[in-house]
There are 2 protein chains.
Amino acid sequence: MARAGRFPRGELQGVYRAIRERRDVRSGFLPEPLSEEVLGRLMDAAHRAPSVGLMQPWRFILIRAVEIRKAVHDIFLRSNQAALDIYEGDRRKKYASLRLEGILEAPQNLCIVCNPECERGHRLGRLSMPETALYSAVCAVQNLWLAARAEGIGVGWVSILDKKALHEVLHIPENIALVAYLCLGYVDHFAAEPDLERAGWERRIPLDQVLAFERYDPRWRARDEKKV
Amino acid sequence: MARAGRFPRGELQGVYRAIRERRDVRSGFLPEPLSEEVLGRLMDAAHRAPSVGLMQPWRFILIRAVEIRKAVHDIFLRSNQAALDIYEGDRRKKYASLRLEGILEAPQNLCIVCNPECERGHRLGRLSMPETALYSAVCAVQNLWLAARAEGIGVGWVSILDKKALHEVLHIPENIALVAYLCLGYVDHFAAEPDLERAGWERRIPLDQVLAFERYDPRWRARDEKKV
(Lines give C-alpha, C1' and ligand atoms only; values in the text may rest on other atoms or scores of the structure.)
Protein backbone atom coordinates (compact mmCIF):
# COMPACT_ATOMS: atom_id res chain seq x y z
CA MET A 1 0.00 0.00 0.00
CA ALA A 2 1.16 3.56 -0.69
CA ARG A 3 2.92 5.16 2.24
CA ALA A 4 3.18 8.89 2.94
CA GLY A 5 6.78 9.98 2.37
CA ARG A 6 9.16 11.80 4.64
CA PHE A 7 10.27 15.37 4.01
CA PRO A 8 13.22 15.98 1.68
CA ARG A 9 16.60 15.99 3.43
CA GLY A 10 16.94 19.75 4.08
CA GLU A 11 13.41 20.10 5.43
CA LEU A 12 13.76 17.04 7.66
CA GLN A 13 17.07 18.37 8.94
CA GLY A 14 15.46 21.72 9.72
CA VAL A 15 12.85 20.12 11.98
CA TYR A 16 15.42 18.14 13.96
CA ARG A 17 17.77 21.11 14.10
CA ALA A 18 15.08 23.39 15.55
CA ILE A 19 14.32 20.72 18.17
CA ARG A 20 17.99 20.20 18.99
CA GLU A 21 19.11 23.85 19.01
CA ARG A 22 16.06 25.41 20.69
CA ARG A 23 17.03 27.08 23.97
CA ASP A 24 15.24 28.72 26.86
CA VAL A 25 16.68 32.20 26.40
CA ARG A 26 17.03 34.51 29.42
CA SER A 27 19.78 36.85 28.24
CA GLY A 28 21.31 38.27 25.10
CA PHE A 29 18.06 39.74 23.74
CA LEU A 30 18.67 42.57 21.25
CA PRO A 31 16.63 45.81 21.29
CA GLU A 32 15.49 45.62 17.64
CA PRO A 33 11.77 44.73 17.56
CA LEU A 34 10.41 41.93 15.40
CA SER A 35 8.73 43.05 12.18
CA GLU A 36 4.98 42.53 11.83
CA GLU A 37 5.73 39.96 9.14
CA VAL A 38 7.94 37.78 11.32
CA LEU A 39 5.59 38.17 14.28
CA GLY A 40 2.72 37.12 12.02
CA ARG A 41 4.56 33.95 11.00
CA LEU A 42 5.29 33.05 14.64
CA MET A 43 1.73 33.65 15.78
CA ASP A 44 0.42 31.62 12.85
CA ALA A 45 2.73 28.76 13.83
CA ALA A 46 1.37 28.87 17.39
CA HIS A 47 -2.19 28.99 16.08
CA ARG A 48 -1.63 25.80 14.07
CA ALA A 49 -1.12 23.70 17.20
CA PRO A 50 -3.23 20.60 17.76
CA SER A 51 -6.22 21.06 20.02
CA VAL A 52 -8.71 18.75 21.65
CA GLY A 53 -11.96 18.76 19.68
CA LEU A 54 -10.44 21.48 17.44
CA MET A 55 -11.34 23.90 20.22
CA GLN A 56 -8.22 26.09 19.69
CA PRO A 57 -8.52 27.41 23.23
CA TRP A 58 -5.34 29.53 23.19
CA ARG A 59 -5.62 33.31 23.34
CA PHE A 60 -2.51 35.40 22.76
CA ILE A 61 -1.72 38.70 24.46
CA LEU A 62 1.24 40.42 22.82
CA ILE A 63 2.89 42.90 25.14
CA ARG A 64 5.23 45.55 23.86
CA ALA A 65 4.47 48.53 26.11
CA VAL A 66 7.36 49.21 28.48
CA GLU A 67 5.10 50.18 31.40
CA ILE A 68 3.32 46.83 31.29
CA ARG A 69 6.57 44.90 30.99
CA LYS A 70 7.85 46.88 33.98
CA ALA A 71 4.78 45.91 36.01
CA VAL A 72 5.31 42.25 35.07
CA HIS A 73 8.99 42.52 35.92
CA ASP A 74 8.03 43.83 39.38
CA ILE A 75 5.87 40.73 39.84
CA PHE A 76 8.84 38.60 38.82
CA LEU A 77 11.10 40.30 41.38
CA ARG A 78 8.66 39.57 44.21
CA SER A 79 7.99 35.99 43.09
CA ASN A 80 11.68 35.36 42.65
CA GLN A 81 12.42 36.56 46.17
CA ALA A 82 9.77 34.14 47.49
CA ALA A 83 11.36 31.35 45.42
CA LEU A 84 14.86 32.17 46.70
CA ASP A 85 13.59 31.76 50.24
CA ILE A 86 12.98 28.01 49.78
CA TYR A 87 16.71 27.38 49.29
CA GLU A 88 19.56 27.27 51.74
CA GLY A 89 23.35 27.29 51.65
CA ASP A 90 25.12 26.66 48.34
CA ARG A 91 21.88 25.97 46.50
CA ARG A 92 20.61 29.38 47.57
CA LYS A 93 23.78 31.08 46.40
CA LYS A 94 23.54 29.28 43.08
CA TYR A 95 19.86 30.18 42.68
CA ALA A 96 20.60 33.84 43.38
CA SER A 97 23.25 33.83 40.64
CA LEU A 98 20.92 32.52 37.92
CA ARG A 99 19.50 34.71 35.19
CA LEU A 100 15.87 33.64 34.91
CA GLU A 101 14.00 36.11 32.67
CA GLY A 102 14.37 38.70 29.93
CA ILE A 103 11.10 40.60 30.44
CA LEU A 104 12.57 44.07 29.97
CA GLU A 105 15.31 43.20 27.49
CA ALA A 106 13.08 41.31 25.05
CA PRO A 107 11.05 43.93 23.13
CA GLN A 108 8.12 41.50 22.90
CA ASN A 109 6.47 39.53 25.66
CA LEU A 110 3.67 37.10 24.94
CA CYS A 111 1.15 35.83 27.45
CA ILE A 112 -0.82 32.74 26.44
CA VAL A 113 -4.09 32.18 28.25
CA CYS A 114 -6.81 29.58 27.91
CA ASN A 115 -10.45 29.25 28.80
CA PRO A 116 -10.67 25.58 29.74
CA GLU A 117 -14.49 25.78 29.70
CA CYS A 118 -14.70 27.24 26.20
CA GLU A 119 -17.65 25.82 24.25
CA ARG A 120 -15.65 25.57 21.04
CA GLY A 121 -14.94 21.94 20.20
CA HIS A 122 -18.26 20.94 21.77
CA ARG A 123 -16.43 19.25 24.67
CA LEU A 124 -15.11 16.46 22.46
CA GLY A 125 -12.32 14.62 24.31
CA ARG A 126 -12.77 16.67 27.48
CA LEU A 127 -15.06 14.43 29.52
CA SER A 128 -12.32 11.99 30.59
CA MET A 129 -9.39 14.42 30.26
CA PRO A 130 -10.50 18.04 30.68
CA GLU A 131 -6.88 19.13 31.14
CA THR A 132 -6.29 18.60 27.42
CA ALA A 133 -7.75 22.08 26.83
CA LEU A 134 -4.79 23.56 28.72
CA TYR A 135 -2.42 21.09 27.07
CA SER A 136 -3.54 22.30 23.63
CA ALA A 137 -2.40 25.80 24.57
CA VAL A 138 0.97 24.38 25.66
CA CYS A 139 1.38 22.77 22.22
CA ALA A 140 0.93 26.27 20.77
CA VAL A 141 3.86 27.45 22.92
CA GLN A 142 6.10 24.70 21.55
CA ASN A 143 5.12 25.38 17.92
CA LEU A 144 6.04 29.03 18.40
CA TRP A 145 9.29 28.16 20.16
CA LEU A 146 10.51 25.94 17.31
CA ALA A 147 9.46 28.36 14.56
CA ALA A 148 11.22 31.16 16.46
CA ARG A 149 14.43 29.13 16.69
CA ALA A 150 14.38 28.56 12.93
CA GLU A 151 13.94 32.33 12.45
CA GLY A 152 16.89 33.05 14.74
CA ILE A 153 14.59 34.43 17.44
CA GLY A 154 15.02 33.61 21.11
CA VAL A 155 12.15 32.58 23.39
CA GLY A 156 12.24 32.30 27.17
CA TRP A 157 9.41 30.91 29.32
CA VAL A 158 9.07 32.72 32.65
CA SER A 159 7.23 30.68 35.26
CA ILE A 160 8.40 32.62 38.32
CA LEU A 161 5.39 34.93 38.33
CA ASP A 162 2.55 35.16 40.80
CA LYS A 163 -0.48 34.27 38.69
CA LYS A 164 -2.99 36.39 40.59
CA ALA A 165 -0.84 39.50 40.19
CA LEU A 166 -0.32 38.83 36.47
CA HIS A 167 -4.07 38.38 36.01
CA GLU A 168 -4.55 41.85 37.45
CA VAL A 169 -1.90 43.57 35.36
CA LEU A 170 -3.20 42.04 32.11
CA HIS A 171 -6.91 42.28 33.08
CA ILE A 172 -7.36 38.52 32.71
CA PRO A 173 -10.68 37.28 34.18
CA GLU A 174 -10.47 34.90 37.10
CA ASN A 175 -11.80 31.84 35.27
CA ILE A 176 -9.25 32.18 32.47
CA ALA A 177 -6.08 30.13 32.98
CA LEU A 178 -2.68 31.64 32.51
CA VAL A 179 -0.68 29.05 30.58
CA ALA A 180 2.61 30.70 29.69
CA TYR A 181 4.46 33.99 29.84
CA LEU A 182 7.14 34.25 27.16
CA CYS A 183 9.90 36.69 26.28
CA LEU A 184 10.63 36.97 22.54
CA GLY A 185 13.27 38.71 20.54
CA TYR A 186 16.32 38.58 18.36
CA VAL A 187 19.38 37.37 20.23
CA ASP A 188 23.11 37.70 19.83
CA HIS A 189 23.55 33.91 19.96
CA PHE A 190 22.02 30.62 21.04
CA ALA A 191 23.90 28.72 23.74
CA ALA A 192 25.19 25.25 22.86
CA GLU A 193 23.93 23.84 26.18
CA PRO A 194 20.93 24.69 28.37
CA ASP A 195 21.73 27.61 30.72
CA LEU A 196 20.83 25.58 33.80
CA GLU A 197 23.25 22.83 32.82
CA ARG A 198 26.10 25.26 32.22
CA ALA A 199 25.40 26.91 35.57
CA GLY A 200 25.57 23.54 37.33
CA TRP A 201 21.94 23.65 38.48
CA GLU A 202 20.86 20.34 36.94
CA ARG A 203 22.21 17.83 34.43
CA ARG A 204 20.33 16.29 31.54
CA ILE A 205 19.18 12.72 32.09
CA PRO A 206 19.96 10.12 29.38
CA LEU A 207 17.03 9.04 27.19
CA ASP A 208 17.26 5.37 28.17
CA GLN A 209 16.46 6.31 31.77
CA VAL A 210 13.09 7.75 30.79
CA LEU A 211 11.94 5.06 28.35
CA ALA A 212 10.15 1.85 29.29
CA PHE A 213 8.18 -0.79 27.43
CA GLU A 214 4.63 -2.02 27.86
CA ARG A 215 4.25 -0.73 31.42
CA TYR A 216 5.43 1.88 33.91
CA ASP A 217 8.96 1.28 35.18
CA PRO A 218 8.82 1.27 39.01
CA ARG A 219 12.47 2.37 39.20
CA TRP A 220 11.41 5.77 37.88
CA ARG A 221 9.59 6.72 41.04
CA ALA A 222 12.46 5.73 43.28
CA ARG A 223 14.85 7.81 41.19
CA ASP A 224 12.50 10.82 41.20
CA GLU A 225 12.69 11.02 44.96
CA LYS A 226 16.45 11.06 45.15
CA LYS A 227 17.71 14.60 45.62
CA VAL A 228 20.58 14.93 43.19
CA MET B 1 25.77 43.93 17.42
CA ALA B 2 25.97 40.45 15.88
CA ARG B 3 22.61 38.75 15.56
CA ALA B 4 21.99 34.99 15.45
CA GLY B 5 20.92 34.07 11.92
CA ARG B 6 17.89 32.21 10.72
CA PHE B 7 18.06 28.71 9.26
CA PRO B 8 18.83 28.30 5.54
CA ARG B 9 15.74 28.30 3.31
CA GLY B 10 15.12 24.52 3.11
CA GLU B 11 15.52 24.00 6.86
CA LEU B 12 13.28 26.96 7.70
CA GLN B 13 10.69 25.67 5.26
CA GLY B 14 10.82 22.24 6.89
CA VAL B 15 9.93 23.64 10.30
CA TYR B 16 6.94 25.60 9.00
CA ARG B 17 5.85 22.70 6.81
CA ALA B 18 5.83 20.27 9.75
CA ILE B 19 3.78 22.77 11.76
CA ARG B 20 1.35 23.36 8.86
CA GLU B 21 0.96 19.76 7.69
CA ARG B 22 0.87 18.01 11.09
CA ARG B 23 -2.43 16.22 11.61
CA ASP B 24 -4.14 14.37 14.43
CA VAL B 25 -4.29 10.96 12.75
CA ARG B 26 -7.07 8.53 13.66
CA SER B 27 -7.18 6.32 10.57
CA GLY B 28 -5.03 5.10 7.73
CA PHE B 29 -2.29 3.63 9.93
CA LEU B 30 -0.26 0.94 8.13
CA PRO B 31 0.73 -2.33 9.81
CA GLU B 32 4.48 -2.00 9.19
CA PRO B 33 6.21 -1.25 12.51
CA LEU B 34 8.67 1.62 12.90
CA SER B 35 12.33 0.61 12.89
CA GLU B 36 14.32 1.02 16.10
CA GLU B 37 16.31 3.73 14.35
CA VAL B 38 13.29 5.89 13.48
CA LEU B 39 11.72 5.27 16.88
CA GLY B 40 14.99 6.34 18.48
CA ARG B 41 14.98 9.62 16.54
CA LEU B 42 11.38 10.35 17.57
CA MET B 43 12.00 9.58 21.23
CA ASP B 44 15.13 11.70 21.19
CA ALA B 45 13.11 14.59 19.71
CA ALA B 46 10.56 14.26 22.52
CA HIS B 47 13.34 14.10 25.10
CA ARG B 48 14.79 17.41 23.87
CA ALA B 49 11.70 19.36 24.94
CA PRO B 50 12.05 22.36 27.22
CA SER B 51 11.40 21.69 30.89
CA VAL B 52 11.00 23.84 33.95
CA GLY B 53 14.23 23.83 35.98
CA LEU B 54 15.63 21.28 33.48
CA MET B 55 13.62 18.67 35.40
CA GLN B 56 12.75 16.64 32.27
CA PRO B 57 9.77 15.11 34.06
CA TRP B 58 8.43 13.11 31.10
CA ARG B 59 8.55 9.31 31.21
CA PHE B 60 7.74 7.35 28.06
CA ILE B 61 5.96 3.99 27.97
CA LEU B 62 6.15 2.46 24.49
CA ILE B 63 3.41 -0.10 23.95
CA ARG B 64 3.58 -2.59 21.12
CA ALA B 65 2.01 -5.72 22.67
CA VAL B 66 -1.39 -6.41 21.12
CA GLU B 67 -2.93 -7.61 24.38
CA ILE B 68 -2.13 -4.31 26.12
CA ARG B 69 -3.40 -2.27 23.18
CA LYS B 70 -6.59 -4.35 23.29
CA ALA B 71 -7.04 -3.58 26.98
CA VAL B 72 -6.55 0.13 26.28
CA HIS B 73 -8.96 -0.06 23.37
CA ASP B 74 -11.58 -1.57 25.69
CA ILE B 75 -11.11 1.42 27.99
CA PHE B 76 -11.61 3.71 25.01
CA LEU B 77 -14.86 1.95 24.05
CA ARG B 78 -16.29 2.44 27.53
CA SER B 79 -15.10 6.07 27.82
CA ASN B 80 -16.40 6.84 24.36
CA GLN B 81 -19.84 5.49 25.21
CA ALA B 82 -19.90 7.74 28.29
CA ALA B 83 -18.86 10.68 26.11
CA LEU B 84 -21.54 9.91 23.52
CA ASP B 85 -24.15 10.11 26.25
CA ILE B 86 -23.57 13.85 26.80
CA TYR B 87 -24.85 14.61 23.28
CA GLU B 88 -28.34 14.68 21.85
CA GLY B 89 -29.95 14.79 18.43
CA ASP B 90 -27.83 15.64 15.40
CA ARG B 91 -24.74 16.34 17.49
CA ARG B 92 -25.01 12.83 18.94
CA LYS B 93 -25.35 11.29 15.49
CA LYS B 94 -22.33 13.24 14.30
CA TYR B 95 -20.28 12.25 17.36
CA ALA B 96 -21.14 8.59 16.81
CA SER B 97 -19.88 8.82 13.22
CA LEU B 98 -16.45 10.20 14.14
CA ARG B 99 -13.31 8.09 14.07
CA LEU B 100 -11.43 9.07 17.25
CA GLU B 101 -8.54 6.67 17.77
CA GLY B 102 -6.18 4.23 16.06
CA ILE B 103 -5.09 2.21 19.12
CA LEU B 104 -5.23 -1.20 17.42
CA GLU B 105 -4.28 -0.13 13.89
CA ALA B 106 -1.17 1.81 14.89
CA PRO B 107 1.56 -0.74 15.70
CA GLN B 108 3.00 1.60 18.34
CA ASN B 109 1.22 3.36 21.15
CA LEU B 110 3.05 5.75 23.45
CA CYS B 111 1.93 6.79 26.88
CA ILE B 112 3.62 9.87 28.36
CA VAL B 113 3.45 10.24 32.11
CA CYS B 114 4.91 12.77 34.52
CA ASN B 115 5.75 12.92 38.19
CA PRO B 116 4.89 16.54 39.00
CA GLU B 117 6.65 16.22 42.38
CA CYS B 118 9.91 14.93 40.94
CA GLU B 119 12.94 16.35 42.74
CA ARG B 120 14.89 16.84 39.54
CA GLY B 121 15.21 20.54 38.71
CA HIS B 122 15.27 21.36 42.43
CA ARG B 123 11.80 22.93 42.16
CA LEU B 124 13.09 25.88 40.15
CA GLY B 125 10.12 27.69 38.57
CA ARG B 126 7.56 25.50 40.30
CA LEU B 127 6.73 27.57 43.37
CA SER B 128 4.45 30.02 41.55
CA MET B 129 3.47 27.72 38.64
CA PRO B 130 3.72 24.04 39.66
CA GLU B 131 1.71 23.03 36.56
CA THR B 132 4.76 23.78 34.40
CA ALA B 133 6.04 20.28 35.26
CA LEU B 134 3.07 18.79 33.38
CA TYR B 135 3.39 21.42 30.66
CA SER B 136 7.00 20.35 30.06
CA ALA B 137 5.76 16.84 29.27
CA VAL B 138 3.23 18.32 26.84
CA CYS B 139 6.06 20.11 25.02
CA ALA B 140 7.65 16.67 24.58
CA VAL B 141 4.46 15.48 22.86
CA GLN B 142 4.57 18.37 20.40
CA ASN B 143 8.28 17.84 19.61
CA LEU B 144 7.57 14.21 18.82
CA TRP B 145 4.50 15.09 16.76
CA LEU B 146 6.41 17.48 14.50
CA ALA B 147 9.42 15.17 14.07
CA ALA B 148 7.02 12.34 13.21
CA ARG B 149 5.30 14.46 10.55
CA ALA B 150 8.66 15.21 8.94
CA GLU B 151 9.40 11.46 8.93
CA GLY B 152 6.04 10.71 7.28
CA ILE B 153 4.72 9.13 10.49
CA GLY B 154 1.23 9.77 11.80
CA VAL B 155 0.47 10.59 15.43
CA GLY B 156 -2.95 10.67 17.06
CA TRP B 157 -3.64 11.88 20.62
CA VAL B 158 -6.39 9.89 22.34
CA SER B 159 -7.96 11.74 25.26
CA ILE B 160 -11.15 9.68 25.47
CA LEU B 161 -9.72 7.28 28.05
CA ASP B 162 -10.64 6.83 31.67
CA LYS B 163 -7.42 7.73 33.48
CA LYS B 164 -7.92 5.44 36.46
CA ALA B 165 -8.44 2.42 34.19
CA LEU B 166 -5.38 3.30 32.11
CA HIS B 167 -3.29 3.67 35.27
CA GLU B 168 -4.24 0.10 36.16
CA VAL B 169 -3.52 -1.44 32.77
CA LEU B 170 -0.09 0.23 32.55
CA HIS B 171 0.74 -0.17 36.28
CA ILE B 172 1.14 3.58 36.71
CA PRO B 173 1.31 4.63 40.39
CA GLU B 174 -1.47 6.86 41.63
CA ASN B 175 0.67 9.98 42.17
CA ILE B 176 2.02 9.86 38.61
CA ALA B 177 0.08 11.98 36.13
CA LEU B 178 -0.99 10.60 32.80
CA VAL B 179 -0.25 13.36 30.29
CA ALA B 180 -0.90 11.85 26.87
CA TYR B 181 -1.75 8.62 25.12
CA LEU B 182 -0.58 8.59 21.50
CA CYS B 183 -0.96 6.26 18.52
CA LEU B 184 2.05 6.20 16.19
CA GLY B 185 2.70 4.64 12.83
CA TYR B 186 3.26 4.99 9.12
CA VAL B 187 0.17 6.20 7.31
CA ASP B 188 -1.16 6.01 3.77
CA HIS B 189 -1.59 9.79 3.63
CA PHE B 190 -1.97 12.98 5.65
CA ALA B 191 -5.27 14.81 5.29
CA ALA B 192 -5.19 18.36 3.92
CA GLU B 193 -7.62 19.55 6.62
CA PRO B 194 -8.18 18.50 10.24
CA ASP B 195 -10.56 15.49 10.42
CA LEU B 196 -12.95 17.33 12.72
CA GLU B 197 -13.25 20.20 10.27
CA ARG B 198 -13.94 17.89 7.31
CA ALA B 199 -16.54 16.04 9.38
CA GLY B 200 -18.30 19.32 10.19
CA TRP B 201 -17.67 19.04 13.93
CA GLU B 202 -15.91 22.40 14.37
CA ARG B 203 -14.37 25.07 12.16
CA ARG B 204 -11.00 26.69 12.63
CA ILE B 205 -11.07 30.18 14.08
CA PRO B 206 -9.10 32.96 12.30
CA LEU B 207 -5.86 34.05 13.98
CA ASP B 208 -6.95 37.67 14.41
CA GLN B 209 -9.76 36.54 16.69
CA VAL B 210 -7.34 35.03 19.20
CA LEU B 211 -4.71 37.80 19.26
CA ALA B 212 -4.85 40.90 21.45
CA PHE B 213 -2.42 43.58 22.51
CA GLU B 214 -1.22 44.70 25.93
CA ARG B 215 -4.20 43.19 27.80
CA TYR B 216 -6.87 40.49 27.73
CA ASP B 217 -9.61 41.14 25.18
CA PRO B 218 -12.96 40.95 27.03
CA ARG B 219 -14.73 39.94 23.81
CA TRP B 220 -12.97 36.58 23.98
CA ARG B 221 -14.91 35.41 26.98
CA ALA B 222 -18.26 36.37 25.47
CA ARG B 223 -17.41 34.46 22.30
CA ASP B 224 -16.23 31.41 24.24
CA GLU B 225 -19.65 31.02 25.76
CA LYS B 226 -21.52 31.10 22.49
CA LYS B 227 -22.38 27.58 21.38
CA VAL B 228 -21.53 27.45 17.68
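The values are calculated or read from the model by the stated rules, or taken from the named source; none is laboratory data. Please read these numbers as outputs of a predicted model, since none were measured by experiment. So basically every Cβ, Gly included, is an ideal-geometry build from the backbone, and we count neighbours across all protein chains shown. For accessibility, only protein heavy atoms count, side chains too; no ligands or nucleic acids. Shrake-Rupley method; radii C 1.70, N 1.55, O 1.52, S 1.80 Å.
Wrap a convex hull around the Cα atoms of the protein assembly as shown, take a quarter of its surface area, and give that in square nanometres. Could you put the intermediate results ahead of the total?
Numbers: hull surface 81.8 nm².
Computing the convex hull of the Cα atoms and averaging its projections yields 20.4 nm².
When chains B and A come together, the accessible area they lose, probed at 1.4 Å and totalled over both chains, is close to 11200 Å². Residues in segment B:130-139 carry Karplus couplings, in order, of x, 5, 5, 5, 4, 5, 4, 5, 5, 4 Hz; the curve used is 6.51 cos²θ - 1.76 cosθ + 1.60 with θ = phi - 60°, and Gly or Pro positions show x.
The alpha-carbon of B:Lys70 sits under 12 angstrom from the alpha-carbons of these aspartates and glutamates, leaving out residues fewer than 8 places away in its chain: B:Glu105.
Under Stokes-Einstein, with the Kirkwood radius over Cα pairs standing in for Rh, what whole-number D in µm²/s applies to chain A at 10 °C and 1.306 mPa s? Don't skip to the end; give the middle numbers.
Values: Rh = 19.8 Å.
D, rounded to a whole number, is 80 µm²/s.
The lysine pair tally for segment A:93-228, using Cα distances under 26 Å and a gap of 8 or more places or different chains, is 6.
For segment B:148-188, what does the equivalent ellipsoid look like in terms of its semi-axes, each the square root of 5 times an eigenvalue of the Cα gyration tensor, given largest first in whole Å? All intermediate terms of the calculation are to be shown ahead of the outcome.
Values: eigenvalues 138, 18, 13 Å².
Working from the Cα gyration tensor, I get semi-axes of 26, 10, 8 Å.
Sites count as exposed loop sites when they are GluC sites (Glu not before Pro), lie in a DSSP loop, and have at most 10 other Cβ atoms within 10 angstrom; the longest stretch of chain A without one is A:1-87.
State the percentage of accessible surface on the protein assembly as shown attributable to carbon and sulfur atoms; use a 1.4 Å probe and exclude ligands, DNA and RNA. Could you put the intermediate results ahead of the total?
Numbers: 9570 of 18560 Å².
Percent of accessible area from carbon and sulfur atoms in the protein assembly as shown: 52.
Label-to-label distance for A:Glu88 and A:Glu174 is 3.8 nm, based on points extended 7 Å past Cα in the beta-carbon direction. Only helices enter this figure: runs of n ≥ 4 DSSP H residues, each worth -39500 (n - 2.57), summed and divided by the residues of the protein assembly as shown, yield -12000 deg cm²/dmol at 222 nm to the nearest 500.
In terms of overall dimensions, the C-alpha atoms belonging to segment A:138-228 reach 45, 37, 28 Å along their principal axes, ordered largest to smallest. Look at where the Cα atoms of segment B:162-224 and of segment A:164-228 average out, and the two centres are 21 Å apart.
Can you list the trypsin sites (Lys or Arg not before Pro) in segment A:185-228 that are in a DSSP coil and have 16 or fewer other beta carbons within 10 angstrom? Numbers along the way, then the final one.
Values: sites: A:Arg198, A:Arg203, A:Arg204, A:Arg215, A:Arg219, A:Arg221, A:Arg223, A:Lys226, A:Lys227; in loops: A:Arg203, A:Arg204, A:Arg215, A:Lys226, A:Lys227.
Hits after loop and neighbour filter: A:Arg203, A:Arg204, A:Arg215, A:Lys226, A:Lys227.
Which log10 I(q)/I(0) values, to two decimals, does segment B:49-116 give at q = 0.12, 0.27 Å⁻¹ under the Debye formula with one point per Cα? Listed by q, the Debye log ratios stand at -0.50, -1.11. Accessible area per residue for chain A, computed on protein heavy atoms with a 1.4 Å probe, is 41 Å².
Placing +1 on the Cβ of every Lys and Arg and -1 on the Cβ of every Asp and Glu, with nothing else charged, gives chain B a dipole about its Cα centre of roughly 680 debye.
Evaluate Rg over Rh across segment B:75-186, taking Cα atoms for both radii and Kirkwood's formula for Rh. Could the numbers behind the result be given before it?
On the way: Rg = 16.5 Å, Rh = 16.0 Å.
Taking Rg over the Kirkwood Rh, I get 1.03.
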